[in-house]
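Structure first, commentary second.
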Amino acid sequence: MPDPHAIAVLALTFVALLLFTREKILLQTSALIVLCLLVFGFSVFPYHYEIDGERKLFKTVNFFQGFGHEALISVCALMIVGTGLVKTGALEPIGHLLSRMWKHSPSVSLLTTLLIAAGLSAFINNTPIVVLLIPILVSVALHTQSNPSALLMPMGFASLIGGMGTTIGTSTNLLVVSVANDLGLPKMEVFDFFIPALMGSVVGLCFLWLIAPRILPTRDLPLTDASSRVYTAQLLVTEESSAVGKTLEELINATKGQLQVDKIRRSETSFVVPLPDVIIRVGDKILVHDTPEQLRLYEAATDTVLYAKNERVDDEHPLKNDDQAVIEIIIDQRSPLLGKTLQSTRFIENYKMIALAVHRGGGKVREMPRGLGYLRLQLGDILLAQGSRDDIDTLKLEHEFLILDSNIELPQSKKAPLAILIMFMVIALAAIGLMPIAVSSVIGVLLMLLAGCLNWNDIARSLNTPVIMIVVSSLALGQAMTITGASEFVANGFVTATAGASGPMILSGLILLMAIFTNVVSNNAAAVIGTPIAVSIANSLGLNPEPFVLAVLFGANMSYATPMAYKTNLLIMSAGNYTFTDFLRVGIPLTLIMWLSYSVILPLMYPLSLVPA
């Protein structure tokens, strides 16, 4: 039986898993709650453990070691280096190649896209890969009038599959390898499990290429819907208009509060600030931005005449805005709009764009009590915006936004070759064993700074607070489970539940368990909590622990079945206008295929031999 501390740790682990699934509580807040409860509990109720026959007091401050853990340093540094690749446009030549290929053979191009996404993700965090490929695939879909939904989800999942190939492919891999090493297992090098990962990837990519596009429904992208496009126009106050002598507030009330005035032109050289008590005069031109339908309503309600570009708007002269284009801006981790409102960022003034609508979870946000300008934007939100082509091109050059539009233009800076060289150096130094990935990646960050590929603001935006906190709290929980024997208790329970089953069957069950966990809670939490349990299972059976550790690694990477399972899933969901059901439709079969594949591959590649006593 476990002691009281082990029981408390198991209870807290269950609470943590519940907290991590609560959408109303920020993930980083949940992680901090778990960490504080753990520290508080072990401070109030000190814990003594035996090591080499000597009884020692566990120091509570050890739970904070996760902030300086090698795995976390590696994760953060690699995220920053990946941002350098995106900002310099270092990956854009791949985009140009793919955009040209799609014109000749869509089927071969899709396969090439999946292979590139998977191949790059084995060495680079998959977020910049997805950020690169989303705009390309959306533009291709618009130009070829094909189904964008059939392209984006397979690409996103291919990047997750490719990330399994090396120790640096995902943060999950880094954590599993580091925790296993902390538990006394030999250190895994960059390519130690590349072959089994490659074998499993072939099966998964075939499914994504041949089957997934056919079972995904057709969904239109928000930017293809012109019904919400905004036009700039003027409401001219004529001599016969009943608006003469009224205040602006009265005109706004006549439109039931819907009229939003940008400015009032009183002469060719003067404007009037649109204050509520401004008296309307003959000849005033009230500048407004809205949809054609709304502008018509304003014209009738205010008894004014609608003009656009000094031309009367009527049935023979409809509204035109030839220099304007509609784009989608996906709110990702690097976006300066993340967690902020359009008003607080002065969106119109700073970016010369007009926000039309916000999509969240595949649909428009309908309830905004204070209006679109005061809605706090979340990760994965998609902002439908309109602006001139020149302003859109300027926005792309800043490399701060994930922008979708019908124009395939991929800006690239002169620093791109340097960024690629630095990334290659980071990987090579770790691959040949000259230095740990934590060291080479931090040196890579410094070189990116010195080379001008990044600045400190870029670094601040690269660091993902939820990832940092979930890693730290999960490492603390994993440490508590190991030191109190809770992981051993769970492992014994797992072995008892699978009593009579063969080693490969137990291994298969562990992969499936991790795959379920990773789609319900954080993949990093599943990895860190699962690794000590896997090692304990192997030890209790007297078997080689390496395949059990890899079972956790591969299982915890199968984040396909839900959009919240992995952060790039949220970006894909927004860009492709997917629903939760769409992820289940493709993600569940893919999870089952990958589970069965690795259930066969791991026992073949890593014989479950008995470990010598």
(message) Among the residues that make up segment 47-55, is at least one of them assigned to a helix (DSSP H, G or I) and surrounded by 15 or more Cβ atoms within 10 Å (Cβ to Cβ)?
(response) no
(request) Tell me, yes or no, whether segment 9-31 has at least one residue that is among the β-branched types (Val, Ile, Thr) and at pLDDT 90 or above. (result) no
(message) Name the residue that is surrounded by the most Cβ atoms within 10 Å (Cβ to Cβ), counting only residues in segment 499-546 that are farther than 22 Å from SER597 by Cβ and of a type in the set (Val, Ile, Thr).
(response) VAL528
(request) Sort out which residues of segment 68-86 are more than 17 Å from ALA460 (Cβ to Cβ), of a type outside the set (Ser, Thr, Tyr) and in contact with a helix residue (DSSP H, G or I) (Cβ under 8 Å, 6 or more places away or on another chain), and write them in order of number. (result) HIS69, GLU70, ALA71, LEU85
(request) Just name the residue that is modelled with the lowest pLDDT out of those in segment 506-536 that are more than 20 Å from THR167 (Cα to Cα) and of a type in the set (Gly, Ala, Ser). (result) SER536
(request) Might you let me know whether segment 310-318 holds any residue that is among the basic types (Lys, Arg), modelled with pLDDT of 60 or more and surrounded by 12 or more Cβ atoms within 10 Å (Cβ to Cβ)? (result) no
(message) Looking only at segment 1-47, how many residues end up being within 14 Å of SER522 (Cβ to Cβ), in contact with a Leu (Cβ under 7 Å, 6 or more places away or on another chain) and not β-branched (Val, Ile, Thr)?
(response) 3
(message) Residues that are β-branched (Val, Ile, Thr) and either buried (at least 16 other Cβ atoms within 10 Å of the Cβ) or at pLDDT 80 or above (or both), at least 3 per element: which helices (runs of 4 or more DSSP H) completely within segment 335-443 meet that?
(response) 416-431
(request) Give the residue, chosen from LEU114, LEU120, LEU78, that is within 22 Å of MET573 (Cβ to Cβ), among the hydrophobic types (A, V, I, L, M, F, W, C), in the same structural domain as LEU210 (by TED's automatic domain parsing) and buried (at least 24 other Cβ atoms within 10 Å of the Cβ). (result) LEU114
(message) Out of the residues in segment 564-576 meeting the condition of being crowded, with 24+ Cβ neighbours inside 10 Å and in contact with a Leu (Cβ under 8 Å, 6 or more places away or on another chain), tell me which one is nearest to SER335 (Cα to Cα).
(response) LEU571
(request) Being closer than 18 Å to ALA525 by Cα and more than 30 Å from the chain's Cα centre (by Cα) is the filter here, so list the residues in segment 463-487 that pass it. (result) THR482, ILE483, ALA486, SER487
(request) Scan segment 249-271 and report the pairs whose first residue is more than 11 Å from ILE286 (Cβ to Cβ) and part of a helix (DSSP H, G or I) and whose second residue is of a type outside the set (Asp, Glu) and at pLDDT 85 or above, with Cβ atoms within less than 7 Å and a gap of 6+ or a chain change. (result) GLU249/PRO276; ALA254/ALA301; ALA254/THR302
(request) From the list LEU57, LEU97, pick out the single residue that is free of Cβ contacts under 8 Å to residues at least 24 places away in the same chain and in contact with a strand residue (DSSP E or B) (Cβ under 7 Å, 6 or more places away or on another chain). (result) LEU57
(message) If I ask for residues that are in contact with a Ser or Thr (Cβ under 7 Å, 6 or more places away or on another chain) and basic (Lys, Arg), which ones from segment 1-42 would you list?
(response) ARG22
(request) With respect to VAL202, determine if the residue is at pLDDT 80 or above and buried (at least 21 other Cβ atoms within 10 Å of the Cβ). (result) no
(message) For a quick check of your reading of the model, give me the residue pairs whose first member lies in segment 576-588 and is touching a residue at least 60 places away in the same chain (Cβ under 8 Å) and closer than 21 Å to LEU513 by Cα, whose second is assigned to a loop (DSSP other than H, G, I, E, B) and of a type in the set (S, T, N, Q), with beta-carbon atoms closer than 6 Å and at least 6 apart or on different chains.
(response) PHE583/THR562
(message) Just checking: which of the helices (runs of 4 or more DSSP H) contained wholly in segment 469-587 hold 2 or more residues that are aromatic (Phe, Trp, Tyr)?
(response) 486-497, 546-556
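The values are calculated or read from the model by the stated rules, or taken from the named source; none is laboratory data. Every value quoted in this text rests on a predicted model; they were computed, and no experiment measured them. Quick reminder, even Gly has a Cβ in these numbers, built from the backbone with ideal geometry, and neighbours come from all protein chains shown.
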